[in-house]
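The values are calculated or read from the model by the stated rules, or taken from the named source; none is laboratory data. Computed from a predicted structure; not experimentally measured. Positions of Cβ are backbone-derived with ideal geometry, glycine not excepted, and every protein chain shown enters the neighbour counts.
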Amino acid sequence: MIPRFKVLLLCLLGLGAARAEVPALVASGFEAYKAAGSKEALAIWLKGAPPSAGTAIEGLPPDVGPGFEKPGAFGPMESYEILATFSPSTRLRRVYAVAYFPQGPLFCCFDLYRTSNGWTTYGLKLNLVPDQVLPVDLLEKSS
C-alpha cells in the first residue's frame, strides 16, 4: 500500500505537469511544418540548440516534394495535437505531441531548456512508431 504522503506528492506532481504550458517554439515549428515541410520545422525546433542536443529524427517520414512522386512521402501535415507536458523544474519542459498526416500520425517528444534568451531544444524524438517516442503511461491511457 502506498503511504498517503506519496499519493499526495504524486497528485501534486501530476497537477504541475498538467499546468505546464507549451512553449511557442513547439507550435511555431508545427505551423512551419504545415506550411513548408519538415526542414522548416526542424530549423525552428533546433534553432539555438547546442551541438550536444540529442536528436532522434531517423523516424521522420520524407516530405512530399514537387511533383509528389517520392515513394514513402508523408506530407502535407494536416494538424497536430499536444498529448502531454511535464515540467520537472521552471527551466525544463518535456512536451509530447502528435502530428497528423493523410497517411498516419507522427509522434513527437521535445525536451526543452529555458535559457536567458527563451526556450531551446536539447532533445527531440520523431517517429512513426508510438513506442519509440511516447512513455508507457500515455500509451496505456489511450487504450
Practice item. Please work out if Val22 is assigned to a loop (DSSP other than H, G, I, E, B), under 16 Å from Ala97 (Cα atoms), hydrophobic (A, V, I, L, M, F, W, C) and at pLDDT 80 or above. Key: yes
Practice item. Report, by residue number, each residue of the stretch 75-128 that is more than 22 Å from Glu40 (Cα to Cα) and β-branched (Val, Ile, Thr). Key: Thr85, Thr90, Thr115
Practice item. Tally the residues that are loosely packed, with under 13 Cβ neighbours inside 10 Å, small (Gly, Ala, Ser) and either touching a residue at least 12 places away in the same chain (Cβ under 8 Å) or not in a strand (DSSP E or B) (or both), restricting the search to the stretch 88-108. Key: 1
Point to revise | Residue that is modelled with the lowest pLDDT [pool: residues in the stretch 61-108 that are among the basic types (Lys, Arg) and more than 15 Å from the chain's Cα centre (by Cα)] | key: Lys70
Check your understanding: Would you pick out the residues in the stretch 25-60 that are part of a helix (DSSP H, G or I) and either at pLDDT below 85 or of a type in the set (D, E, K, R) (or both)?
Key -> Glu31, Lys34, Lys39, Glu40
Study note, to complete from the structure: Those residues of the stretch 109-135 that are part of a strand (DSSP E or B), under 13 Å from the mean Cα position of the chain (by Cα) and among the hydrophobic types (A, V, I, L, M, F, W, C) come to a total of 5
